[in-house]
Structure formats: C-alpha cells, structure tokens
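Structure, as structure tokens:
Coordinate-derived values only; no laboratory data. Only a predicted model underlies this, so the values are computations on that prediction, with no experimental measurement involved. Backbone-built Cβ (ideal geometry, glycine too); neighbour counts: all protein chains shown.
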Amino acid sequence: MNAQTFTLGRAVRLSVLIFGAAIFLAPYVFMISTAGKAQSDIFSSSLSLIPQHWSYVQNFAKALTRVSMTRLLFNGVAVCALIFVFQVMIAIPCAYAMAKLKFRAARLMMMLVMLGLLVPIHATALPLYVAFDRLAVLNSYFALVAPFTISVFGIFLFLQFFRAIPDDLIHAARLDGMSELGIIGRVIVPNAWPAVTAFAIFSVVAHWNDLYWPLIVVSNQTYATPPLGLLYFRAAEAGDDYGALMAATLIITTPLVAAFLLAQKRFVEGITMTGLKG
Amino acid sequence: MADAIAAALPVVRKPARSAAERQEARAALVLSLPAMVLLFVFILLPVAVVILFGFTDYELGYAGFRFVGFDNYTELFTDRTFRRSLWNTTVYTAIVAPISIFMALGLAMLIESENIGRSFFRTAYFLPVASLLVAMATVWQYLFHPTIGPINALLALGGLPGPNWLGASMSVLYSLSIIGIWQSVGFNLVLFLAGLTAIPRELYQAAHVDGARSAFDRCRLVTWPMLGPTTLFVTTISIINAVKVFETVKTLTEGGPNKASEVLLFTIYQEGFVYLKVGYASAMTVVFLAILVVLMFLQYRVQDKQVHYS
C-alpha cells in the first residue's frame, strides 16, 4: 500500500475500510453476477463479473420451477408473523405485570425468566420433537410456531423498557377507570413502541434465518421455510448448476436484505437495543 | 443484571393486604399466567425431560426404554465422533470469536473516526447479518469451489495453488471459520459503534489535558475501559454463537470430509433426529447446555468484577 507516503491518517484508514467493505460485499457481487451466467460462462471465466451470455431469465425460470419459491416465501412470512404476534401478545402482559404490579410470585418469575434466557431451542428440541411426534403434529405451522410463542428474551426486554414508564401515567389511567388490559393497550404499548419494533426486528431476523427447528419438524415442501427450501433446492439440483443455485439464492435473500436496506436505521437501533439489553 | 433483578422485586409479604393490593396481585397473576404456562411447557419441562432422557437408552420407534445411569456419558467420553466434534467446535470458536471481535472493534474505531461514508460502511459490513445464512453459504460454496471458484481463480492469477477449501479435511474448518467471521463481524460492529458513540467527548479532552497525547494512549485510557461492558457482552454472544454453529455445516459439509467439520450441534442433530437415538443425543444436549451455563456464569463473574462507568 502506497498510503504510507501520506501522513498516517485518512488515506490508510479509508483504504482499509474500502478494501474491507469490498471483501464483505464480494459474495453479493458474485451472487448477482453468477445468477446471470450460462453454465459455459461459469466454467470458463469465473473472474469476469459481466455475463457473456445473459441467462438471467433461464436461471430464474429454473429456480422458480424446481421449488415453489412463492410457497417458501409465503411460509417464511406466515411463520415469522405468527411467531411475532404470539410472542408480543404473551410477553407484554407478563412483562407489564412484573414491571409495574406488586405480587408475590414476581421474584420466582424473574428467576425463571433468567433461567429461560439460557436455554436455546437446540436444548429443548429433542423432547419437543418426541412430544410433537406423539401428538402427530409434525409438518404443520403449529409445529413451526408453537415452541417460539414464549420469548423469555422478549419478556426481559419489555420488562426493562416498561420500568422506565412513569407510575403516575398508570395511576392516572387507573383513576380514569381503565382495566389493566386497557392500560397495556393504550398506555404501555404506545409508550414502548421503540422496544416493540426492536423486538420485531430481533424476532424476525432470528426466525427467518432459523434452520435447525424447521429441519427437525418439517419433512416436505408444503411447510418448508426459506432456509429449508433452499436445502431442498440444493438437493434437487444435481451437479454444479451454480447459475440456477445463485438465482434461487438471490430470490430467497432479497426480502430480508431489502427490508434491511429500507429500514436501516430501525435495524441498527433494534440490534443495538436488543443486543445491549440482552 | 443483578440490580435489574433487585429492582424487579417489589416488597412483599405485608401481613395485612388491602383489597386493592389483592386485586392488583390477582391481575398480575392473570396477566402473567399465559407466559408462565408456556415457559413451563416449552422450556422448563423439556429441559427436565432432556436431562432425564440422558439417563435412558430411549430410541424413537422402539417401545419403552430403561434407565442406564451414566452409561450414555461414559460412552460419550470414548465416542470418537463426539470427541472430534467437541474439539472441532472448540477450534472453530477459538478462531471465529476473537477474530470477529477484534476485527469489529478495529473497524468500528476506524468508521467512528472517519467523517465520510459512515453509513455506507456500516451497511456494507452489516449486510451479512441480514442475509439468509443458508443462502449465503451456497454463495460461499461457489466462491470456494476448487476448480471454477473465483477465489482459486484469483490465486491462480498470482501463481498460487488454491486449496480445496471445503473439500479437504485439512482446510474445511478454516473455510467454515471464514464464513463464520464474515457473518458475525457486522453484528459486533454495530454494537461497538453504539458503545463508541456513547463515550462522552469530554473524556478525550480531559485525557488530552492530563497528558494522553497519542491516539494510542487515549485509546488505552479512555476507549478501552469505557467500552468494557460492550466488549464483555460482545465476547459472550460471539462465543455462544460460535458454539452454536450449525447452518453452514449442515448446508455445505454435513460434517465431512471424514468428520473434519463435525461440530456439536450437528452431531446432536445426527444422533437425535437422523439416527433417532434420543437418549444418547440427550446426553450430548446436556453437555451442550452445560457449556452454555458455564459461559454465562463466567460472564456474570466478570461483569460483577468490572468497574461500571455509566
């Protein structure tokens, strides 16, 4: 690097950052480029980024026909949405009670929540699988969603956020004759909106990407989520048809990446908040 | 976190509770009941069952099982695959966690001190976190392809022989580590950036006045200690995530070649859900859970000792 002729400053700094960014983005560049290459291009010239024979249409057609991409994306959205809705509906009342109401079980519940934070799905998967197998509910949205309806992390995050909401606000609402559920819906949640969006991002990113649990409970394409569907597609794709593979990859990666690019600020805030409080 | 718990605990056990207090307590129980029931059904009970299963020879598809004491655990110690798997997970973690932490810290400090392109760099490094890992693993497989892959093509331009990245038992774990680092730097980076932004400017000026003239001194005396809590958290989460490596292994190598990329969760998955040896896999799960508990315990210990500046 000839940056040393400059003072040890911005030139070095910028070139390091740009070089790093180029490496981190390289897989995306190759993904987009290869998705448009014909098989012959892929074998002959792997370093040229512009396809010689434009094959985007063929590759995308292959990707869309081998595995039903719309089905996968629909399943992904449905599972993530169901999980998120249940998590929020169940965690918020509990967090509110623990943060703002006085009751004896609070101490024990806090311990259970802290204990629950330790346990990932990988640790509970075996008994849950056996139970779901016995109940004959494998291969269903129920199987994909049920274990995640409880998010101890959600309770923990909301709990900390709710504590910052002034008690006076709640007392005033109570004097106005609001029920506890009314308080949650009209006082707590509107005031905790940043926590809810942050948790939404955390939850969706985690479950959109999860492979472990869907792989265990789903064994056909009807209920496959995007990561699992891509595994099926890879299995169906004999040999090295990287053009079609990259097209499929592109289709499956785009939704979340687009969401991230559109709502970057929220994403980063969400990760920071969930990260630092967790 | 300890004070978080303390603050959550209202003073209880007053001898005479008013009607309003009783009503409040009842409301609280009703509100938290669904969460507690699910917590019990989907977390506490399964953990208890997994520990129990670990002492049995239960196999799915066979009727009944018997208790075998610690047999599963003694078998684990002599099981070559499991030992290999533990070792590989350790090596993977020892590579991925430190590199992704220090790389993220370095990049965060560079981005923080740079005026232009901040949000671009943040986006570029963070993009892998928002991408489907199974999908991007497929892209990496192409990049790593021994004959048609761009990486080896690039090496060939420089006259270097490219390794068979994911295909050789010597290099497969390192190739997976590269993907792991690529995937996790952005997450750590965003946390470090938040930590850096939270450091008050005056501290740097004060350090300057007190004689910390060089950038290195300011870094050592201000940045590093102020980032303490963030660093601790990033370290814990990086280690835990590295121990949980699964997606790339399942997608790209299936533990191979020759068990060279056999990792803990993949071994558990194979034994439990492919060979259906539930009892044996449960014992492995208990070992996995024990590792997580030890890691969290270490985090709490360090956290308690750490000086808090906030």
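Figures for the structure shown
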{"item": "Sorted by Cβ neighbour density within 10 Å, fewest at the top, the residues B:224, A:213", "result": "B:224, A:213"}
{"item": "log10 of Debye I(q)/I(0), alpha-carbon scatterers only, for the range A:2-63 at 0.14, 0.16, 0.27 Å⁻¹", "result": "-0.55, -0.62, -1.04"}
{"item": "Kirkwood Rh and Cα Rg combined as Rg over Rh, evaluated for the range B:216-289", "result": "1.25"}
{"item": "Listed pairs A:265/B:259; A:102/B:244; A:100/A:265; A:102/A:265 exceeding 32 Å between Cα atoms", "result": "A:265/B:259; A:102/B:244; A:102/A:265"}
{"item": "Residues A:94, B:219, sorted so that the one with the fewest Cβ neighbours within 10 Å comes first", "result": "B:219, A:94"}
{"item": "Using θ = phi - 60° and Karplus 6.51 cos²θ - 1.76 cosθ + 1.60, couplings along the range B:188-204 (whole Hz; Gly, Pro as x)", "result": "4, 4, 5, 5, 5, 4, 4, x, 5, 5, 7, 6, x, 4, 4, 4, 5"}
{"item": "Hull shadow area, averaged, the range B:82-264 [alpha-carbon convex hull, nm²]", "result": "12.4 nm²"}
{"item": "Sorted peptide list for A:134-142, A:120-128, B:24-32, criterion being average Cβ within 10 angstrom, highest first", "result": "A:120-128, B:24-32, A:134-142"}
{"item": "Relative contact order, percent, chain A [alpha-carbon distance under 8 Å, six or more residues apart]", "result": "30 percent"}
{"item": "Label-point separation, residue B:112 to residue A:181 (7 Å along Cα→Cβ), nm", "result": "4.7 nm"}
{"item": "Gain on full stretching of the segment that runs from residue A:47 to residue A:263 - 0.36 nm per residue minus C-alpha separation", "result": "74.5 nm"}
{"item": "Scattering profile of the range B:55-165 at q = 0.14, 0.17 Å⁻¹ [log10 I(q)/I(0), Debye over alpha-carbon scatterers]", "result": "-0.93, -1.08"}
{"item": "Residue B:56 long-range amide H proximity, modeled H, under 5 Å", "result": "B:68"}
{"item": "Solution diffusion estimate, µm²/s, Stokes-Einstein, chain B, Kirkwood Rh from C-alpha pairs, 4 °C, viscosity 1.567 mPa s", "result": "55 µm²/s"}
{"item": "Proxy reagent accessibility, fewest Cβ within 10 Å first, across A:110, B:136, A:98", "result": "A:110, B:136, A:98"}
{"item": "Sorted largest first, extent of the protein assembly as shown alpha carbons per principal axis (Å)", "result": "85, 76, 48"}
{"item": "Relative contact order [Cα under 8 Å, 6+ residues apart], chain B, whole percent", "result": "27 percent"}
{"item": "Segment residue B:45-residue B:21, extension gain: residue separation times 0.36 nm, minus the distance between their alpha carbons", "result": "5.5 nm"}
{"item": "Reduced Cα scattering model of chain A, Debye log10 I(q)/I(0), q = 0.13, 0.17 Å⁻¹", "result": "-1.01, -1.29"}
{"item": "Under-5 Å amide H pairs with residue A:37, H placed in peptide plane, nonlocal only", "result": "A:55"}
{"item": "Under 27 Å from residue A:62, Cα to Cα: lysines that are on another chain or at least 8 residues apart", "result": "A:37, B:250"}
{"item": "Exercise: per-residue mean of other protein chain Cβ atoms within 10 Å, B:117-123", "result": "4"}
{"item": "Separation between Cα centres of the range B:251-310 and the range A:73-113, rounded to whole Å", "result": "26 Å"}
{"item": "Radius 15 Å from Cβ of residue A:133, net charge of other residues (Lys, Arg +1; Asp, Glu -1)", "result": "+1"}
